[in-house]
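What follows is a single structure, written as structure tokens, with notes after it.
The values are calculated or read from the model by the stated rules, or taken from the named source; none is laboratory data. Values in this document were obtained by computation on a predicted structure and should not be read as measured data. For neighbour counting, all protein chains shown are included, and Cβ atoms are generated from backbone atoms with ideal geometry for every residue, glycine included. Note: areas computed on protein heavy atoms with side chains; ligands, DNA, RNA excluded. Shrake-Rupley method; radii C 1.70, N 1.55, O 1.52, S 1.80 Å.
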Amino acid sequence: MLLRGVNLKGREATSARCSHACPVIRHRVARSATPAGTKVFRDVTARWDSLKAAASSASAKGAQDTKYDVYVNEPKPLREGEEKHVISVFVADEAGLINRVAGVFARRGANIESMAVGLTVDKALFTIVLTGTANTVSNLVKQLSKLVKVKYVEDITQTDRVEREMLLLKLRAPPGPARTEVLQLAQIFRARVVDVSDRTLTLCVSGDPGKCVALQKVMQKFGIVEIARTGRVCLKRGERLLEPGASVPEAGRRTSPPVRQPDNLPFTTASRDSADVYMVEDEEPAGVWEVENILDATYGENPAEFEAHTLSIEVQDVSGVLNQVTGVFARRGYNVQSLAVGPSEREGMSRICMVVPGTPQSIDKLLKQLNKLVFVENVNDLTHLPFVNRELMLVKVRCPSSQRGELRDLASIFRADILDVSAGTMTVELLGKEDKMKAFTDLLEPFGILEIARTGRVAVPRESGVDNKYLETVATSRVW
């Protein structure tokens, strides 16, 4: 035992001499022994513990609430030589026209950023926003003007104009400080609350594109659940009209430049028996030169056997995807009554909102065909669900100085905003549903409506689970 103890002491002394002789070990031991080295070590340990605690709390919060996702879109600069262009296209509506317009962009690889289509029975106004060089956009304008029923096409990027778009924004805002802050920010941006539930808050805001993007950016910290955004609609300021060469007369309605009537027209009429839903047919088809350049406030009434279905389609941002989606409707003879294309809440995705009349059986077949497309992520039929839907309309009406007060009173009654005033015109913005827009335009008819630009319908499901259709199907207590 003694020899073993002496031997151990000798080994300890040898190791101590070696450690003191090594410069690296001697430096580390001296640094850890100093108060500064001890403080740095403690700070690093505390920082690591705080990071682990934050990560664990975030994972626990996500595990408790896995129903919603938080989407953050980071802006990306344009490529060199590219810029955003706004194209206005007025056409005489017919079956499959939307698909042909989208096909012009798809065949040339142009990616549409947003599209707003105001549709009526016999005419439509497209407002298309796309990114490209000046030569590319000029070529697209020439190709669009070659379509049979296109009355005029113009790139209005450099013109002085009024432009608006609308945004439906569903946020994760439970009761408490977060909801209070959301309501305060909504008041700053003049946004309207259109739906409230115990976990979410849905806002509706209209304005220029910068305002909508700013609201979306400031609300990202609360968690964006869903976005439905219309395309951009534009009207020229003052007494200038969208149609090149058109002017506002001193009295009466607008005057349009003369259009040469071609001798031979390739008109074709589709048979009712071959269509899944009803087709709009005239005994004597009117030429594009006979169509008045003023849209109606609504599309029109549907036959009794058909119901207008509201579809929400989320697609990938791939060139030509809009042409693929509209091609499904065109090949089966569906009559699209409303179309709005805008960015989605997820980066690299877009949302297409469409209104299509049809029977439940024909719509089910349509949904199956849409789900087969490669770049379609999901398709939702919101018709039989409680949902919020809104549209945006810009109206330019003839207004001399003596009638400005009366028009201002009408706008205030309908909660409309006056965007532009000239010596003989006034431009008004209205937000709401179709029946509201119809009532407003009926009152403006005596003044003389010069132009109307409409977006399609956008819709998001109501988290509260209650709307007018739901209440019509629920029995209420009787009052005796």
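Each residue, residue 184 and residue 302, gets one label point 7 Å from its Cα in the Cβ direction; the gap between the two is 4.4 nm.
Let me spell out the model: positive unit charges on the Cβ of Lys and Arg, negative unit charges on the Cβ of Asp and Glu, origin at the Cα centre of the range 73-131. What dipole size does that give, in debye rounded to 20?
Using Cβ point charges on Lys, Arg, Asp and Glu, the range 73-131 gives about 160 debye.
Ligands, DNA and RNA excluded, the heavy atoms of residue 222 present near 20 Å² of accessible surface to a 1.4 Å solvent probe. Is there a pair in 76/368; 149/436; 84/368 whose C-alpha atoms are over 32 Å apart, and which pairs would that be? 76/368; 84/368, as the Cα separations exceed 32 Å there.
Per residue, the range 321-480 exposes an accessible area of 45 Å² to a 1.4 Å probe, with every protein chain left in place. Rolling a 1.4 Å probe across the protein heavy atoms gives the range 103-236 an accessible surface of 38 Å² per residue. Placing 384, 309 in order of accessible area, with the largest value first and a 1.4 Å probe, yields 384, 309. Separation of the range 441-470 from the range 365-434 is 5 Å, based on Cα centroids. Within the shell of other residues whose beta carbon sits under 12 angstrom from the beta carbon of residue 159, the net charge comes to 0, with Lys and Arg scored +1 and Asp and Glu -1.
Quick check: at a probe of 1.4 Å, how many percent of the accessible area of the range 295-366 sits on carbon and sulfur atoms?
Carbon and sulfur together cover 46 percent of it.
Computed with a 1.4 Å probe over protein heavy atoms only, the accessible area of residue 341 comes to about 10 Å². Most tightly packed first, judged by the mean number of other beta-carbon atoms within 10 Å of their residues, the peptides 115-125, 348-358 read 115-125, 348-358. Ellipsoid fit via the Cα gyration tensor, the range 94-251: semi-axes of 36, 19, 15 Å, each the root of five times an eigenvalue, largest first.
With a Förster radius of 60 Å applied to the beta-carbon distance between residue 404 and residue 50, the computed FRET efficiency rounds to 0.45. Between residue 295 and 452, the built amide H atoms are under 5 Å apart, and every one of these is 5 or more places off in sequence or on another chain.
Each Lys and Arg adds +1 at its Cβ and each Asp and Glu adds -1 at its Cβ; summed about the Cα centre, the range 323-393 shows a dipole of about 280 debye. Remark: relative contact order (the range 158-221) = 42 percent; criterion is Cα-Cα distance under 8 angstrom and separation of 6 or more residues. Shape class for the range 133-184, computed from the alpha carbon gyration tensor (a ≥ b ≥ c): prolate, with a/c not under 1.5 and a/b above b/c.
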